[in-house]
Structure formats: structure tokens, C-alpha cells
Amino acid sequence: MKRISALTLFFFAFAAAAWAQEAAFIAHPSVTEAELGSDDVKAILLGNKTKWSSGNIKLVVLAEGAVHDKVIQVYTQRSSDQFDKYWKKQVFTGKGIAPTVVKTEA
């Protein structure tokens, strides 16, 4: 079994800032990158960027909801339905591993 510490978790969490139309993207403390541009976020959400300089990226996304929909729309220019279909196709064709889905921001 691979050690979890070898994986760098990338996930987004939203608190009060989410309602102000801002998203907070949170990474494991071992990640050394100081900033992410919107192109980087898009690449991560679509599985095109899978590694940091310090390790692998494991993408975690919200299952559904207004915050999830807004982030997907803003950063991937897709609807939530299109995003889900994109990942189903990536998995079916062997081109990617779907993000882990969580029910709440916590």
C-alpha cells in the first residue's frame, strides 16, 4: 500500500469567502508552490496537472452545490454536468483517475 504521506492532497474548501464569490484552494503543508494561477487550477481540476514539485496531487472536490457549480464554471468553463461527463470519459478511456468526491466543505 502506498504511503499516504507520499501523496499531496489538493482540495478546495469554502467558508464565508465562498459566499463572496471567492474560493480558497488549500494544499497539504508539504506543497512548496506559493501561488496558483487560474490556468494551474484549471489544469488540476481537469487532471492535466498531476504533480507538484514536492509530490503527487490528489484532487478532492465537492459532490454538488452552488459552491461546487461556481468553481467548476469559473475555472473550467464547464457546467457541473459537463465536468462529471468529462471525468467519466477520462476514467473510461484510462486517461485519468476521477477526483475524490466529498459531501461537505469540512
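Only the coordinates and a few stated rules stand behind these numbers; no lab work does. For clarity, every value in this text was computed on a predicted model and none was experimentally measured. Glycine also receives a Cβ, built like all others from the backbone with ideal geometry; neighbour counts cover every protein chain displayed.
As a proxy for reagent exposure, K85, K42 were ordered by neighbouring Cβ count within 10 angstrom, fewest first; the result is K85, K42.
Run down the lysines and flag those whose C-alpha is under 29 Å from the C-alpha of K70, throwing out any fewer than 8 positions away in its chain. Excluding near neighbours in sequence, the set is K42, K49, K51, K58, K85, K88, K89, K95, K103.
Taking 0.36 nm per residue of sequence separation and subtracting the Cα-Cα distance, how much length would be gained by fully extending the chain between K85 and A34, in nm to one decimal?
15.2 nm
Of H28, H68, the sequence from fewest to most neighbouring Cβ atoms within 10 angstrom is H28, H68. Which percent of Cα pairs goes in each bin when the distances of segment 21-91 are cut into 5 angstrom slices starting at zero? Taking every Cα pair in segment 21-91, the percentages come to 3, 14, 27, 27, 17, 10, 2.
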